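Colleague: Quick one: the structure is below, questions incoming.
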């Protein structure tokens, strides 16, 4: 798939065909920031892996003003236009650590092997909370507006992602995951049943 100017014009800039809106992404950023504040997780560094056109950048910076934001993007077009760091999760330097990692609508474009590598890298670079969202095979069948969503071959199930993420993270709900061993207290009813 070509993540070029035409792709972003269709799926992000044209209101008739856009898959999301600034308001939706602002609300998503509000949810993420509220969760890390509730957990008492001080966020110094944010990684937005696959940041796209950067719709969460401004709200996250406003809501978490002490945090440094890094946008990582595979699209050379977007890196030139917005100044993002060019790269992928698979090539990301694992020496870098972030208290908050956002990975939204990225892994469905990767084959299974690359998706596993990307999740392993998310686990390596995240030392706090992960916000993770992805189009699943169930979402394609039942939830998304297929006229506004690009058809991706080989979509995986939600169960597959939950199983892979559970190796390094504990689910909190609403797309939020807590890195195992993160320095926060998680009350019994804030996480899944054990």
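Colleague: Compute the helix-to-body angle for 22-39: its Cα long axis versus the longest principal axis of the chain, expressed 0 to 90° and rounded to tens.
Modeller: 10
Colleague: If the elastic network links every pair of Cα atoms under 10 Å, which of 28, 162, 57 fluctuates the most in the Gaussian network model of the chain?
Modeller: Largest GNM mean-square fluctuation: 162.
Colleague: Also: Gap in Å between the Cα centre of the stretch 141-188 and the Cα centre of the stretch 74-94?
Modeller: 22
Colleague: For helix 112-125, what angle does its Cα long axis make with the longest principal axis of the chain, in degrees from 0 to 90 and rounded to 10?
Modeller: Result, in degrees: 40.
Colleague: Any idea how far apart residue 82 and residue 174 come out in nm if each label point goes 7 Å out from Cα toward Cβ?
Modeller: 2.3
Colleague: Of 119, 32, how do they rank once you tally other Cβ atoms within 10 Å and put the fewest first?
Modeller: Listed from fewest to most nearby Cβ atoms, that is 119, 32.
Colleague: Give the order of 79, 126 when sorted by the count of other beta carbons within 10 angstrom, beginning with the fewest.
Modeller: Details: 79 17, 126 24.
So the ranking, lowest neighbour count to highest, is 79, 126.
Colleague: Just grab the label-to-label distance for residue 141 and residue 166, each label 7 Å out from Cα along the Cβ direction, in nm (one decimal).
Modeller: About 2.0 nm, to one decimal.
Colleague: Here's another thing I want to ask about it. Given contacts defined as C-alpha pairs under 8 Å and at least six residues apart, what's the relative contact order of the chain, whole-number percent?
Modeller: Working: 284 pairs, mean separation 36.7, N = 194.
19 percent.
Colleague: To the nearest 0.05, how large is the calculated FRET efficiency for residue 94 and residue 66 if R₀ is 25 Å and r is the Cβ-Cβ distance?
Modeller: 0.55
Colleague: While we're on this one: Report which label in [x] 32, 28, 21; [y] 34, 17, 15; [z] 25, 20, 17 holds the value of semi-axes √(5λ) of the Cα gyration tensor in Å derived from the coordinates of this structure.
Modeller: So the calculated entry is the one marked [z].
Rule-based calculations on the coordinates, nothing more; no lab input. Bear in mind the structure is a predicted one, so any value in this text is a computation, not a measurement. Heads up, the Cβs are rebuilt from the backbone with ideal geometry, glycines too, and the neighbour counts pull from every protein chain shown.
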